[in-house]
Amino acid sequence: LREMLAPGALVILSPLVAGLGFGKNCCAGLLSGALVSSVQLAISMSNTGGAWDNSKKYISAGGLGKEFVKGSEAHKNSVTGDTVGDPLKDTSGPALNIVMKLTAIISLVFGSAIAEYSNSEGGPFWA
(Lines give C-alpha, C1' and ligand atoms only; values in the text may rest on other atoms or scores of the structure.)
Protein backbone atom coordinates (compact mmCIF):
# COMPACT_ATOMS: atom_id res chain seq x y z
CA LEU A 1 0.00 0.00 0.00
CA ARG A 2 2.89 2.39 0.73
CA GLU A 3 4.16 1.91 -2.80
CA MET A 4 0.95 3.45 -4.12
CA LEU A 5 1.36 6.75 -2.23
CA ALA A 6 3.74 8.32 -4.75
CA PRO A 7 1.67 7.46 -7.88
CA GLY A 8 -1.50 8.58 -6.11
CA ALA A 9 0.08 11.85 -5.05
CA LEU A 10 1.33 12.39 -8.61
CA VAL A 11 -2.19 12.05 -10.02
CA ILE A 12 -3.74 14.28 -7.38
CA LEU A 13 -1.05 16.95 -7.14
CA SER A 14 -0.17 17.33 -10.84
CA PRO A 15 -3.22 19.41 -11.82
CA LEU A 16 -2.92 21.46 -8.63
CA VAL A 17 0.76 22.27 -9.15
CA ALA A 18 0.20 23.00 -12.85
CA GLY A 19 -2.88 25.16 -12.24
CA LEU A 20 -1.85 27.03 -9.12
CA GLY A 21 1.78 27.39 -10.09
CA PHE A 22 1.59 28.01 -13.82
CA GLY A 23 -2.01 29.06 -14.56
CA LYS A 24 -5.16 27.62 -16.03
CA ASN A 25 -3.68 27.22 -19.53
CA CYS A 26 -0.98 24.92 -18.14
CA CYS A 27 -3.59 22.92 -16.24
CA ALA A 28 -5.66 22.58 -19.42
CA GLY A 29 -2.58 21.41 -21.31
CA LEU A 30 -1.81 18.87 -18.60
CA LEU A 31 -5.37 17.52 -18.74
CA SER A 32 -5.29 17.32 -22.54
CA GLY A 33 -1.98 15.49 -22.54
CA ALA A 34 -3.07 13.11 -19.79
CA LEU A 35 -6.27 12.31 -21.65
CA VAL A 36 -4.62 11.63 -25.00
CA SER A 37 -1.76 9.58 -23.59
CA SER A 38 -3.99 7.60 -21.20
CA VAL A 39 -6.44 6.66 -23.93
CA GLN A 40 -3.61 5.50 -26.19
CA LEU A 41 -1.96 3.54 -23.38
CA ALA A 42 -5.23 1.94 -22.23
CA ILE A 43 -6.13 0.78 -25.74
CA SER A 44 -2.60 -0.51 -26.33
CA MET A 45 -2.46 -2.37 -23.00
CA SER A 46 -5.86 -3.98 -23.50
CA ASN A 47 -5.06 -5.10 -27.04
CA THR A 48 -1.60 -6.37 -26.09
CA GLY A 49 -2.93 -8.35 -23.14
CA GLY A 50 -5.65 -9.88 -25.30
CA ALA A 51 -3.18 -10.81 -28.01
CA TRP A 52 -0.87 -12.56 -25.55
CA ASP A 53 -3.83 -14.40 -24.03
CA ASN A 54 -5.07 -15.49 -27.45
CA SER A 55 -1.60 -16.61 -28.54
CA LYS A 56 -1.51 -19.15 -25.71
CA LYS A 57 -4.91 -20.49 -26.74
CA TYR A 58 -3.81 -20.65 -30.37
CA ILE A 59 -0.60 -22.55 -29.58
CA SER A 60 -2.42 -24.89 -27.16
CA ALA A 61 -4.94 -25.73 -29.88
CA GLY A 62 -2.11 -26.71 -32.24
CA GLY A 63 -2.32 -23.67 -34.48
CA LEU A 64 1.45 -23.64 -35.04
CA GLY A 65 1.65 -27.35 -35.82
CA LYS A 66 1.99 -30.58 -33.93
CA GLU A 67 5.57 -29.89 -32.86
CA PHE A 68 4.46 -26.76 -30.91
CA VAL A 69 1.79 -28.26 -28.65
CA LYS A 70 1.72 -28.22 -24.83
CA GLY A 71 5.14 -28.79 -23.30
CA SER A 72 7.06 -27.25 -26.19
CA GLU A 73 9.26 -24.20 -25.81
CA ALA A 74 6.75 -22.09 -27.76
CA HIS A 75 3.96 -23.13 -25.40
CA LYS A 76 6.10 -22.33 -22.33
CA ASN A 77 6.80 -18.88 -23.76
CA SER A 78 3.12 -18.33 -24.49
CA VAL A 79 2.28 -19.19 -20.87
CA THR A 80 4.72 -16.48 -19.77
CA GLY A 81 3.08 -14.06 -22.21
CA ASP A 82 -0.33 -14.99 -20.87
CA THR A 83 0.86 -14.38 -17.31
CA VAL A 84 1.97 -10.88 -18.27
CA GLY A 85 -0.96 -10.26 -20.62
CA ASP A 86 -3.77 -10.99 -18.17
CA PRO A 87 -2.96 -8.07 -15.83
CA LEU A 88 -2.48 -5.79 -18.84
CA LYS A 89 -5.85 -6.71 -20.28
CA ASP A 90 -7.85 -6.93 -17.07
CA THR A 91 -6.43 -4.28 -14.74
CA SER A 92 -3.78 -1.92 -16.12
CA GLY A 93 -5.69 -0.71 -19.17
CA PRO A 94 -9.01 -0.09 -17.38
CA ALA A 95 -7.22 1.50 -14.39
CA LEU A 96 -6.05 4.36 -16.59
CA ASN A 97 -9.70 5.39 -16.96
CA ILE A 98 -9.79 6.06 -13.21
CA VAL A 99 -6.54 8.05 -13.42
CA MET A 100 -8.02 10.29 -16.14
CA LYS A 101 -11.23 10.83 -14.20
CA LEU A 102 -9.46 11.60 -10.93
CA THR A 103 -7.17 14.16 -12.56
CA ALA A 104 -10.13 15.87 -14.22
CA ILE A 105 -12.23 15.88 -11.04
CA ILE A 106 -9.38 17.37 -8.99
CA SER A 107 -9.06 20.15 -11.59
CA LEU A 108 -12.80 20.73 -11.53
CA VAL A 109 -13.03 20.87 -7.74
CA PHE A 110 -10.16 23.35 -7.50
CA GLY A 111 -11.14 25.20 -10.70
CA SER A 112 -12.08 28.45 -9.00
CA ALA A 113 -8.79 28.55 -7.07
CA ILE A 114 -6.86 27.79 -10.26
CA ALA A 115 -8.70 30.60 -12.06
CA GLU A 116 -7.95 32.95 -9.16
CA TYR A 117 -4.22 32.20 -9.35
CA SER A 118 -4.14 32.81 -13.12
CA ASN A 119 -3.69 36.12 -14.89
CA SER A 120 -6.14 37.41 -17.52
CA GLU A 121 -4.38 35.53 -20.35
CA GLY A 122 -4.50 32.22 -18.45
CA GLY A 123 -0.86 32.21 -17.39
CA PRO A 124 0.52 32.33 -13.86
CA PHE A 125 -0.39 35.30 -11.66
CA TRP A 126 3.28 36.10 -11.07
CA ALA A 127 4.11 36.57 -14.77
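If contacts are Cα pairs under 8 angstrom and at least 6 residues apart, what is the relative contact order of the chain in percent?
Values: 146 pairs, mean separation 51.7, N = 127.
Value for the chain: 41 percent.
Using a probe of 1.4 angstrom, how much of the accessible area of the chain is carbon and sulfur, in percent?
68
Cross-link partners of residue 56 among lysines, defined as those whose alpha carbon lies under 22 angstrom from its own and excluding same-chain residues fewer than eight positions apart: 66, 70, 76, 89.
Counting chymotrypsin sites (Phe, Trp or Tyr not before Pro) as exposed when in a DSSP loop with at most 13 other beta carbons within 10 Å, what is the longest stretch of the chain free of them? Could the numbers behind the result be given before it?
Values: sites that count: 125, 126.
With chymotrypsin sites (Phe, Trp or Tyr not before Pro) excluded where exposed in loops, the chain gives 1-124 as its longest stretch.
Cross-link reach is defined here as a Cα-Cα straight distance under 28 Å, omitting same-chain residues fewer than 8 places apart; for residue 24 the lysines meeting it are 101. Which shape class, rounded, prolate or oblate, goes with the chain when its Cα gyration tensor gives a ≥ b ≥ c as root eigenvalues, a/c under 1.5 marks rounded, and past that a/b bigger than b/c marks prolate? Prolate, since a/c reaches 1.5 and a/b exceeds b/c. Estimated from helical segments only, the mean residue ellipticity of the chain at 222 nm is -25000 deg cm²/dmol, where each DSSP H run of four or more residues counts as -39500 (n - 2.57).
Per residue, how many Å² of accessible area does the chain show with a 1.4 Å probe?
Details: 8180 Å² over 127 residues.
Counting only protein heavy atoms, the per-residue value for the chain is 64 Å².
The values are calculated or read from the model by the stated rules, or taken from the named source; none is laboratory data. Just so it is clear, the structure is predicted and the values come from calculations on it, not from any experiment. Glycine also receives a Cβ, built like all others from the backbone with ideal geometry; neighbour counts cover every protein chain displayed. The protein model used for the area step is the full one, side chains on, heavy atoms only, and it has no ligands, DNA or RNA in it. Shrake-Rupley method; radii C 1.70, N 1.55, O 1.52, S 1.80 Å.
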